[in-house]
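Below is one structure, written out as structure tokens; the observations come after it.
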Amino acid sequence: MVRAKFQQAQLLQREDGFWLAVKPFWEDLPLLRRWLHVGWKGVQQLTLGEYRKRRSLDANGYAWVLLDKLSQALNLPKEEVYREEIRKTPGVSEMIVLRKEAIPQFRRSWEDGHLGQMVEDLGPHATAKGYHTLVCYYGSSGYDTAQMTRLIENIVQDCKTVGIETATDQEISLLLEGWDRAQKNKGP
């Protein structure tokens with residue numbers, strides 16, 4: 001999979017059909033050239049979305065240190081504490097409506113290999129007979145900086161509630177900014 005950023009795009013009409021043309025960022029050009037010459041195999045899929053900075057691995061490590069301390073204080077498995085913190089974090093889930101019989105397979109696919117990705121069944125849909133409303137939570141491995149910030153803020157608040165010492169707000173901000181610095185130092 002190739003990820004590249006762009007700020008401008010055009011839909012062009014030519015004799016052989018429509019073409020999507022994008023103006024990539026300079027730093028993504030070597031990656032895109034390699035993909036065009038080496039990585040192109042068969043039909044490709046294009047997924048577009050708003051660019052967001054990814055979260056810091058240092059911030060993720062700190063979150064797990066706090067989750068471990070919190071799980072000890074609460075006498076609960078840290079995986080359970082992690083999942084509860086995700087449930088409490090705004091902006092990290094999607095609501096969908098799905099046929100009741102499709103829920104088990106969807107849940108297996110969604111949650112497979114992802115500790116934080118969960119499906120919560122809210123029950124029958126109010127108007128669509130035979131359908132249920134589900135909340136699908138994303139795990140922190142895919143969070144951007146804003147989402148990771150909200151998760152860590154929740155964890156820190158819960159730690160403070162039970163008397164666990166945490167880093168200062170300034171130290172946490174530095175952890176969250178660490179990923180951005182690491183990305184700028186990375187070569188193409």
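The values are calculated or read from the model by the stated rules, or taken from the named source; none is laboratory data. What you see is a predicted model; the values in this text were computed from it and never measured. Cβ placement follows ideal geometry from the backbone for every residue including glycine, while neighbour counts extend to all protein chains displayed.
Structure values in brief
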{"read-out": "Where a residue in the stretch 69-94 is closer than 15 Å to ASN154 by Cβ and its partner, wherever it lies, is surrounded by 15 or more Cβ atoms within 10 Å (Cβ to Cβ) and of a type in the set (Phe, Trp, Tyr), with Cβ under 7 Å and at least six apart", "value": "ILE86/TYR137; ARG87/TYR137; VAL92/TYR137; VAL92/TYR138; VAL92/TYR143; SER93/TYR137; SER93/TYR138"}
{"read-out": "Extreme residue, nearest to the chain's Cα centre (by Cα), among residues of the stretch 150-169 that are assigned to a loop (DSSP other than H, G, I, E, B) and among the hydrophobic types (A, V, I, L, M, F, W, C)", "value": "ALA167"}
{"read-out": "Selection status of GLN13, in a loop (DSSP other than H, G, I, E, B), more than 30 Å from ARG150 (Cβ to Cβ) and modelled with pLDDT of 80 or more", "value": "no"}
{"read-out": "Count of residues meeting criterion [loosely packed, with under 10 Cβ neighbours inside 10 Å and either modelled with pLDDT of 80 or more or not acidic (Asp, Glu) (or both)] in the stretch 45-68", "value": "5"}
{"read-out": "Residue tally, condition on the phi > 0 side of the Ramachandran plot and not in a loop (DSSP other than H, G, I, E, B), over the stretch 88-143", "value": "1"}
{"read-out": "GLN147 part of a helix (DSSP H, G or I) and touching a residue at least 60 places away in the same chain (Cβ under 8 Å)", "value": "yes"}
{"read-out": "Hits in the stretch 122-140 - residues which are surrounded by 14 or more Cβ atoms within 10 Å (Cβ to Cβ) and either in contact with a helix residue (DSSP H, G or I) (Cβ under 9 Å, 6 or more places away or on another chain) or within 21 Å of ASN60 (Cα to Cα) (or both)", "value": "TYR131, HIS132, LEU134, VAL135, CYS136, TYR137, TYR138, GLY139, SER140"}
{"read-out": "From the options TYR62, TYR137, residue that is among the aromatic types (Phe, Trp, Tyr) and within 16 Å of the chain's Cα centre (by Cα)", "value": "TYR137"}
